[in-house]
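Contents: one structure, followed by commentary.
Derivation of every value follows stated rules applied to the coordinates shown; laboratory data play no part. Values in this document were obtained by computation on a predicted structure and should not be read as measured data. Glycine also receives a Cβ, built like all others from the backbone with ideal geometry; neighbour counts cover every protein chain displayed.
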């Protein structure tokens, strides 16, 4: 009887202990660990077709979508091959990896659960040396898919490097893992100013483990942005080789100590700098605007905005202000180049409209082309505005075709509110030089230019 009671008490204790542990278990991690250690396939595509290209083995179901996905993945990786090599070296690039193209996205959710910031598009399983990602179904999905491939492949290269150095993954903080992957993935992508203004930052000390990282994935936090920025800052200051220097140093010393010895400042110092940049960005842009418009000092404005753009590149409002500043200075070629970069990252009606204004300084037909795109991309609320601008450009084209360019430009400039007076003056000077033989309307155009100076 006593023995039974002891067994019962022991079993109860175990049950209580298990219930206690359940509160702390990361079920996603458990599922990953099961996948890590299981020799069985976790999705049916692993038993399907295989295609080996270098160190990469694609596993997939035979269909056109998967074939295209393979080509898109290779294209994305080839575009970044030089950077991968500079950061990690050839040995990491030769480390075998499988990319499993999963037809049904719900299979990923069943296997790995739902991420804190939304549904999982892809995941890298370290101990299986495999990336699992959903097959893109249309053109809209392809861009996200390619980013996922680059992001997860970066994790593979980093962990392969750590393996070669004999360093445990857990010895490197998660913000460094994710920041490096985000830096490579997003280096040619734009950041919307709204994301930064609504961002609530968090100390990097609270982003060292997966549990800490996952805790801060929901809005208003976005640890990817601040981690990407910090990693980008150290690479910008020291070059690509700094990543290897930090990792190699971590063979014998703790990461934060190596970081401080290598960079000359502690992580906390870089944290203060990074978070300050994010917090102060709106104020810095206001300062640029003040120099440009109130103090009429475009040179100082340009210096300020170039510094901001170098510190945190590809922010839409920073890129816009840089383009505007160049146009105010009369450097329309630079303005056009930056507007083209802007519409590539942010293909919106407003930015194509601004590009069209800048293209007036170079070529009217190109301006009309950009204007058509602004109309095509416009929503119902704004389409009339962009259509009216396009109509005015076509009227201008008619005047030029009829041999009355100066009269056409005078009418257009007088009625175009999105050009500043300085823009109009520079454009008039440009037009007078472009049509030196035209006399009709020349005096009126010169007179209007002089009135703008008052």
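Can you tell me which of 378-385, 313-320 comes out highest on packing, and rank the rest after it, using the mean Cβ neighbours within 10 Å? Please report the intermediate quantities before stating the final value.
On the way: 378-385: 12.4, 313-320: 20.4.
Going by the mean number of other Cβ atoms within 10 Å, highest first, we get 313-320, 378-385.
Per residue, the convex hull spanned by the Cα atoms of the range 44-166 amounts to 109 cubic angstrom.
Take the Cα pairs of the chain, get the Kirkwood Rh, then feed it into Stokes-Einstein at 25 °C and 0.890 mPa s and tell me D in µm²/s. Please report the intermediate quantities before stating the final value.
Details: Rh = 25.9 Å.
Estimated diffusion coefficient is 95 µm²/s.
The alpha carbon radius of gyration of the range 330-453, expressed as a multiple of 2.2 N^0.38 Å, is 1.04. Note the angle between two axes, namely the Cα long axis of helix 64-79 and the longest principal axis of the Cα atoms of the chain, as a number of degrees from 0 to 90, rounded to the nearest 10. Result, in degrees: 80. Extending 7 Å from the Cα toward the beta-carbon at both residue 398 and residue 376 defines two label points whose distance is 2.4 nm. So if R0 is 35 Å, what FRET efficiency would residue 453 and residue 289 give, r being the distance between their Cβ atoms, rounded to the nearest 0.05? Efficiency computed from Cβ-Cβ geometry: 0.95.
Per-residue packing, averaged as other Cβ atoms within 10 Å, sorts the ranges 65-73, 213-221 into the order 65-73, 213-221, beginning with the highest. Relative to the dominant Cα principal axis of the chain, helix 405-415 is inclined by about 60°. Mind giving me the FRET efficiency for residue 200 and residue 142? R0 is 30 Å, r the Cβ-Cβ distance, nearest 0.05 is fine. The value I calculate is 0.40.
Apply the Kirkwood formula to the range 181-257: the hydrodynamic radius equals the inverse of the mean of 1/r over all pairs of different alpha-carbon atoms; give it in Å with one decimal.
14.0 Å
The angle between the Cα long axis of helix 2-22 and the longest principal axis of the Cα atoms of the chain comes to about 10 degrees, rounded to the nearest 10.
Computed from label points 7 Å out along Cα-Cβ, the spacing between residue 417 and residue 129 is 6.4 nm. If R0 equals 45 Å, the separation of the Cβ atoms of residue 171 and residue 279 corresponds to a calculated FRET efficiency of about 0.90.
Once every DSSP H run of n ≥ 4 in the chain is given -39500 (n - 2.57) and the sum is divided by its residues, what mean residue ellipticity at 222 nm do you get, rounded to the nearest 500 deg cm²/dmol? Could the numbers behind the result be given before it?
Values: 23 runs with 298 residues, N = 454.
It lands at -21000 deg cm²/dmol.
Note on residue 82 and residue 388: their simple-model spin labels are 4.7 nm apart, each label 7 Å out from Cα toward Cβ.
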